[in-house]
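Worksheet: one structure, shown below.
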Amino acid sequence: METKSNKQIVADFYRDIIRDQKLELLDEYVHDNYIQHSPMLKDGKAALVEALNYLKAIPKPVEPGPSPIVMMIAEDDLVMALLDITFMGKHLSVVDIFRLKDGKVTEHWDVRQDVPEVMPHGNGMF
């Protein structure tokens, strides 16, 4: 049996849980002792389910766009993903950091920043 890398587990988590909203797979991806460090969300696995159910209620784009993952970096038990997303009418740059244990997400941190239409120095954020 081939063991998945932490980076692949997080990529699959984004696809199966966030994008496709297959919440029946949550136990495959999320550790029972899940810790949430984001001030926007409550702690614990049940709170994650609550947040995911909220996302299910938001209308989806008619045509799904490309993957919002710009890059992923993994080191030891940590995976960082830089995302380019539009959410609730806002264009955002999001960095998600996950700690994995036993092949499952056990901790999550995030940082969000609005993406300006024009950067003063001409460089894009991505």
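Please treat every number below as a calculation from the coordinates, not as lab data. From a predicted model like this one, the values you see are computed outputs, not experimental measurements. For neighbour counting, all protein chains shown are included, and Cβ atoms are generated from backbone atoms with ideal geometry for every residue, glycine included.
What the table below lists for this structure:
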| quantity | calculated |
| --- | --- |
| Segment 23-89: trypsin sites (Lys or Arg not before Pro) in DSSP coil with no more than 13 other Cβ atoms inside 10 Å | LYS42 |
| Kirkwood Rh (inverse of mean 1/r, distinct Cα pairs), segment 6-114, angstrom | 14.3 Å |
| Given LYS7/LYS42; LYS22/LYS45; LYS22/LYS42, the pairs whose alpha carbons are separated by over 19 Å | LYS7/LYS42; LYS22/LYS42 |
| Check: segment 23-84 dipole with +1 on Lys, Arg Cβ and -1 on Asp, Glu Cβ, in debye | 380 debye |
| Assigned charges on the beta-carbon of Lys, Arg, Asp, Glu; the chain dipole about Cα centre (debye) | 280 debye |
| Which of VAL111, ALA81, PHE98, positive extreme of dipole for the chain (C-beta unit charges) | VAL111 |
| Ratio of Rg to Rh over segment 1-46 (Cα coordinates, Kirkwood Rh, two decimals) | 0.99 |
| Rounded to 5, percent antiparallel among DSSP beta bridges of the chain | 90 percent |
